[in-house]
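Throughout, read-outs are computed from the coordinates displayed, never taken from laboratory work. Just so you know, these numbers come straight off a predicted model, no measurement behind them. Neighbour counts are summed over all protein chains in view; Cβ atoms, including those assigned to glycine, are modelled from backbone coordinates with ideal geometry.
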Amino acid sequence: MVSALPFPTRADRAAHLDRRLAELYPETPVPLDHKDAYTLLIAVLLSAQCTDKRVNLTTPALFKLADRPEAMARLTVAQIDAIVRPCGLAPRKAQAIRDLSGLLLERHGGEVPRSFEELEALPGVGHKTASVVMAQAFGVPAFPVDTHIHRLAQRWKLTNGRSVEQTETDLKKLFPEAHWNALHLRIIFYGREHCTAHACDGTVCPLCRELFPGRKRAVVTKK
């Protein structure tokens, strides 16, 4: 039996999305303002459970005070926290920023390491943060999965993984490695602009309609 869907398999959907997202977003600027790998690392750490917009409003004051590990390590946690508190999860983020700055000096000569293992060994740096830094600071192929990517990958039936780890694994199998760094940003841009958690249920935005033209809108019943 022939499927009625125009893109019946994951591979078909991935190829279509890869092409269409490249058409929609030929340029992929990094959303977090930074000037080097260190300031990007700090900005990505601050972006956990916080919007990029809020981070970009916060980091100028922080980087004016300290934009290198040497200067940041000399600050107190309270000084850092006073600036970054609007980004949430304080003072945990402030403590991590100070601690990782000290470890960069002790272990890496004050430079941000260029490996996943060394990055993930730093305080406050998980796999997603390390992936963003490796991709956006050093150009190493990576596929950081945030909430937008995790949601859209499930909505577009590219994965049935319930964890971001499984989603990352599935997406890496579907898309060419050379496209990962730009593609993860394109999916984020599209998710923010067109396919948000509430504005689209998989039937509204242009790409959802292209992939699943016969999909029926979800019915929400009030209790």
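Please enumerate the residues belonging to region 1-17 that are under 19 Å from residue 182 (Cβ atoms) and surrounded by fewer than 18 Cβ atoms within 10 Å (Cβ to Cβ). Break it down stepwise before answering.
Pass one, region 1-17, residues under 19 Å from residue 182 (Cβ atoms): 13-17.
Answer for region 1-17, where residues must be under 19 Å from residue 182 (Cβ atoms) and surrounded by fewer than 18 Cβ atoms within 10 Å (Cβ to Cβ): 15, 16.
Out of all the residues in region 49-67, which are surrounded by fewer than 16 Cβ atoms within 10 Å (Cβ to Cβ) and closer than 20 Å to residue 122 by Cβ?
49 - this is the single residue of region 49-67 that is surrounded by fewer than 16 Cβ atoms within 10 Å (Cβ to Cβ) and closer than 20 Å to residue 122 by Cβ.
Could you please give the count of residues in region 61-103 that are under 22 Å from residue 51 (Cβ atoms) and among the hydroxyl-bearing types (Ser, Thr, Tyr)?
The qualifying residues number 0.
Given the conditions (1) surrounded by 15 or more Cβ atoms within 10 Å (Cβ to Cβ); (2) free of Cβ contacts under 8 Å to residues at least 12 places away in the same chain; (3) on the phi > 0 side of the Ramachandran plot, report the number of the one that residue 118 does not fulfil.
(3)
Restricting to region 191-206, and then to whatever is out of contact with any helix residue (DSSP H, G or I) (no Cβ under 6 Å at 6 or more places or on another chain) and outside any loop (DSSP other than H, G, I, E, B), can you tell me which residue is farthest from residue 132 (Cα to Cα)?
Among them, the one singled out is 206.
Taking region 35-59 only, how many residues are free of Cβ contacts under 8 Å to residues at least 12 places away in the same chain and within 28 Å of residue 107 (Cα to Cα)?
Of the residues in that region, 0 qualify.
Could you please find all residues in region 61-87 being out of contact with any Leu (no Cβ under 9 Å at 6 or more places or on another chain) and touching a residue at least 24 places away in the same chain (Cβ under 8 Å)?
Of everything in region 61-87, those that are out of contact with any Leu (no Cβ under 9 Å at 6 or more places or on another chain) and touching a residue at least 24 places away in the same chain (Cβ under 8 Å) turn out to be 63, 67, 68.
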